[in-house]
Amino acid sequence: MSCGDIPDGLATEEQGEALMPRRVKVQRFDKSKCQKCRTAKSMYIIRNVTYCKECFSHSLFTRLTRTLHPAMRSTNLTSSELKNKSLASIGGNRPLPQGGSVLIGLSGGSSSIALLDILVEREYIGKGDGRVIDRTKGEKQPVWDRGIILHVDFSDVIENPISKEEDRSEELKKWVEGKGNGLVWVGLKAEDVYDGGLRKKIRGIVGLPKEAEGEERVDGDGVAVDLKNPDLPLFPSSSSSSSTPIDQLRSILSALPAASRPSFLSSILDSLITTTSQIIPDTKHILLAETSTRQAQRLIAGTALGKGYTLPLDLSVINKSSLSITDGSKRDIVRLKPMKDISFKEVAIYTHLRGLNGLVRNARNWDNAGPQGRKGDSRGKGNTRSLESLTEQFIASLAVTHPATVSTINRTGDKLRFTGVKEDEVTCPVCQLPVDPNALEWKSRTALTSLPTKTLPQDIGAVTNGVEQGKDKESLAKMLCYACLTTFTPPTVVSKVARTEVVPIQLPLWVGGNVRDRRREMREEIKGFLIDEE
């Protein structure tokens, strides 16, 4: 019996209890008015709440500080203490002056430009002149003494003529210098990871003296790898003196599968950020402007790429790491992501309000890195070549009809916990994140990477000589995490008969330095078990 079958006043006592209760009258707001100030005309709708221009800017800054302030206060806590505390319980007042410098990544997208603009306008960054603040005049004490703005240009590796972009470093540098806040501009290129003079270059940009003797080869000797061999054997550097850094970067991009190139470029970006923070001695924090939309995309794509073991570290608001300095000492540097609770739509509105749309370029076009037009490279809708781009398109289209998509994904990601002990873990030479000890075992169980050697006729038996050259070489595969192992492993089974020669590909210098450090650590571990030659 439905509730509509009983006329009003004619229901029995039992039937009356079965009737659905009447809806409580909900107070409706005038959508044409801002729901914060209740006076100004509404201009934007965010999460079903209407805002005027002033209230929107204030709401954006409030949610930024709600993440940034507790995160900065929590940097004095240990890892075990952080596990038992939430950011909301730490406190959200403006943090005390930290001193030193803050390194801010500026990609040229809406989020990074909005983050830098907010921090400068709200006087979070000082001019680096040591001036005493006069509070009687309403001046605020800066949180950091100086701001270092790092921009990495990837335009030289984008080879698709349709998506090709010009180098925007000068345009962004002009805008940063126009802020008039003493900001230090550091402009690098992706191919600088192959430049042996990278550290000298950064020191010269930030005004540091020439490094001491013995620091020139801090990145280690060059190392090459055979990317067509699933075991990834290592070889001494074979690059000629005439090979330029951009040629070496294009060479490894052409050897990698198209779907693996965005992940490798992301590792290049992280390594340049880490190197810059190592060189500048007073760097306290690194600020990255990843929005909630970008975090949701990274969560789904990272899971698909096999980054589940280190995904909680990669997505966390606070990531404290101990970096080795050139003199052998170590220094703690904290990476913060203060825009985790702000969507891409909101930062786009903010840049529009500030008149910065002409400066913004949101497309990275990393899918178009490396050679174009090869068979099998484009596999998705619209010639999409990587899981990152497929995930980005999927979430963007789904969020149009389901606005809670991004927040739901991020709430799920917040429940992830890193099961290892970060300080005791062995790190991957490429992504520099902890390595799952069972990564190679998992890979061998879930993927067929090579075929058994076939019986060859006598006259073509010499073909396999080149393949066997890497048999007794040190293997890079044993050092990589599961995600980087997937990135470097050939996507299809390669028959040993089809291969005629070994062509080692030069690895970036930071990978060579990490491989050298791993060798040293392994020697120290087995030092007590070695028998003296005497």
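Things worth noting here:
- Lone qualifier among Ser267, Ser271 - being assigned to a helix (DSSP H, G or I), under 21 Å from Pro504 (Cα atoms) and at pLDDT 85 or above: Ser267
- Reported count of residues in the range 280-306, each being at pLDDT below 90 and not small (Gly, Ala, Ser), is 6.
- Considering residues of the range 387-409 that are crowded, with 19+ Cβ neighbours inside 10 Å and of a type outside the set (D, E, K, R) only, the residue farthest from Gly302 (Cα to Cα): Ala399
- Test for Gly306: is it under 30 Å from Ser111 (Cβ atoms), open to solvent by less than 30 Å² (accessible area, probe 1.4 Å), out of contact with any strand residue (DSSP E or B) (no Cβ under 8 Å at 6 or more places or on another chain) and not in a helix (DSSP H, G or I): yes
- Within the range 310-321, not a single residue is modelled with pLDDT of 90 or more and not in a helix (DSSP H, G or I).
- The combined condition, being assigned to a strand (DSSP E or B), hydroxyl-bearing (Ser, Thr, Tyr) and either on the phi < 0 side of the Ramachandran plot or assigned by the TED database to the domain that holds Ser110 (or both), is not fulfilled by Ser277.
- Of all residues making up the range 410-441, the number that are closer than 24 Å to Trp510 by Cβ and either open to solvent by less than 30 Å² (accessible area, probe 1.4 Å) or at pLDDT 85 or above (or both): 12
- Number of the exception - Lys127 against (1) more than 26 Å from Asp341 (Cβ to Cβ); (2) assigned to a loop (DSSP other than H, G, I, E, B); (3) open to solvent by 50 Å² or more (accessible area, probe 1.4 Å); (4) out of contact with any strand residue (DSSP E or B) (no Cβ under 8 Å at 6 or more places or on another chain): (4)
- Across the range 144-157, not a single residue is classified as within 30 Å of Arg73 (Cα to Cα), over 26 Å from the mean Cα position of the chain (by Cα) and either assigned to a loop (DSSP other than H, G, I, E, B) or not hydroxyl-bearing (Ser, Thr, Tyr) (or both).
The values are calculated or read from the model by the stated rules, or taken from the named source; none is laboratory data. Source: prediction; values computed, not measured. For neighbour counting, all protein chains shown are included, and Cβ atoms are generated from backbone atoms with ideal geometry for every residue, glycine included. SASA here: full protein model, heavy atoms, side chains in, ligands and nucleic acids out. Shrake-Rupley method; radii C 1.70, N 1.55, O 1.52, S 1.80 Å.
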